[in-house]
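Everything below concerns the one structure shown next.
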Amino acid sequence: MNKQWLDGMWDHMRQKYGMYLRVLQAIPADDFDAHPIPHMRTPKELLVHTSGTIVRDIAEGVASGAIKADEGGEGAVVEGLGSKQAALDFARECWRRADAAIASAGDAQLAGAVDNPWGLPLDGTFAMVIMNDEFLHHRGQLYAYARACDAEPPFMWGFDENPEGFQPKG
């Protein structure tokens, strides 16, 4: 992977993140702290994990050479997000930080080692692949959550309907 590949991959990630924001928006506020699917995270817990640990922390880790994700600390973040709007604001702030980190990453960061709390031998390229896989996995869970909460999730390829800043360029 090189910077050109990363830029293309990240532009697609930006559009997928817009879909993610839309599916979060579709989940009713009353269900944000509920367990619509037993034995799984609540929508708010999943948002904190996906936006923070997966997107923000991995992006910043690729740029800096060390992922500082703290999955054990996610509960405190969830507790601090009192409302659905606060959680959505958190998701947008995580994106802003991830986007800034990726803008600063180049070929050296993609080829370089990335220390991580999981003990995996990672370079920046593999970390980005992991981010993409994890993000899609959790976004899919949110689609199931929306349906379990009697909400209609957005069309998976409806990028044109994304919020400003997450629509296709052009």
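What follows draws every value from the coordinates through simple rules; no lab data is involved. Since we're looking at a predicted model, the values are computed, not measured. Neighbour counts run over all protein chains shown; Cβ positions are idealised from the backbone, glycine included.
Some points to look at:
- Proximal lysine pairs, the chain, alpha carbons under 22 Å, eight or more residues apart or interchain: 7
- Positive-end residue, the chain charge dipole about Cα centroid, Cβ charges, pick of ILE130, PRO154, ILE37: PRO154
- Net charge of Cβ neighbours under 14 Å - reference PHE126; Lys, Arg +1; Asp, Glu -1: -4
- Separation of the ASP11 and ALA113 label points, Cα + 7 Å toward Cβ, nm: 3.4 nm
- ASP115 long-range amide H proximity, modeled H, under 5 Å: ALA66, ILE67
- Inter-label distance, ARG147 to VAL129: 3.0 nm, where each label sits 7 Å from its Cα along the C-beta direction.
- Given R0 = 41 Å, the distance between the Cβ atoms of LEU120 and GLU79 translates into a calculated FRET efficiency of 0.90.
- Additional length obtainable on full extension of the chain from TRP157 to ALA100, 0.36 nm per residue less Cα span: 18.0 nm
- Using the average count of surrounding beta-carbon atoms within 10 Å as a protection proxy, the listed peptides 48-59, 158-169, 12-23 rank, highest first, as 48-59, 12-23, 158-169.
- Computed about the Cα centre, the dipole magnitude for region 3-161 is approximately 160 debye when only Lys and Arg (+1) and Asp and Glu (-1) carry charge, each at its Cβ.
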